[in-house]
Amino acid sequence: MVSPPEGDDRGTVEILDTERPLLRERWLSLSRRGRVLVTASACAIALTGALGYVVATRPPPPPPDPVAATSIRITDVRIPDGTSDFDITLRAAATSPVTFVGTSEGYGNLVLYVSPVPGTSLTAGEAATLHARAIVCTCHSPLPPRGTPLLFVTLRNGHGEGRAQVVPTAAQFDSIGRAVRKACAN
């Protein structure tokens, strides 16, 4: 509090912020319950900030294995009349981006030409149709047993490379067997 200058008939003038209590005095003037509440609130804010920082700065998860991220199945086996080859249609779907690297045959008596060509990419959530032309190259060896993969598709993503097996269903295996017998009969 300051007294007004002489000749000023106003009362006492108060100047703010001259006699503020110190932080320690304010803290001690709080009730025990108030101090606990302030401390708990400060800890909760600090913990929330630390957790937010950890979540915001953690690295993204690695991509899944390319084979686990891809589903490839045979959708159609088409046997044209009068030829020694037949068409196989496949459907490929991926849950993360993958790239087709190549293919290899699983049956020794067939040669498969698959399109699209190696280097073709499949994005997440996308489905693609693959076309394979199967040519019977030898009639001396029998077809392998049911459950044997017809085709191995090599895939690559950020995780690495993997080989997906394409196994025909029982009906598709029978269709392939008929196509091979028909080609060998010609």
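Taken over the stretch 66-102, the criterion of being part of a strand (DSSP E or B) and at pLDDT below 85 is satisfied by Asp85 alone.
Scoring Ile176 on the criteria (1) without any contact (Cβ under 8 Å) to a residue 40 or more places away in the chain; (2) in contact with a strand residue (DSSP E or B) (Cβ under 9 Å, 6 or more places away or on another chain) leaves a single failure, condition (1). Set side by side, the residues Thr103, Thr75, Thr83 differ, and just one is open to solvent by 40 Å² or more (accessible area, probe 1.4 Å) and within 19 Å of Thr169 (Cβ to Cβ), which is Thr75. As for the stretch 103-117, it holds no residue that is assigned to a loop (DSSP other than H, G, I, E, B), hydrophobic (A, V, I, L, M, F, W, C) and touching a helix residue (DSSP H, G or I) at 6+ places or on another chain (Cβ under 7 Å). Scanning the stretch 147-186 for residues that are assigned to a strand (DSSP E or B), open to solvent by less than 50 Å² (accessible area, probe 1.4 Å) and in contact with a Gly (Cβ under 9 Å, 6 or more places away or on another chain) turns up Leu151, Phe152, Val153, Thr154, Leu155, Val166.
The values are calculated or read from the model by the stated rules, or taken from the named source; none is laboratory data. Note that this is a predicted model, so its numbers are computed, not measured. Glycine gets a Cβ as well: all are built from the backbone with ideal geometry, and neighbour counts include every protein chain shown. Calculation scope for accessible area: heavy atoms of the full protein, side chains included, ligands and nucleic acids excluded. Shrake-Rupley method; radii C 1.70, N 1.55, O 1.52, S 1.80 Å.
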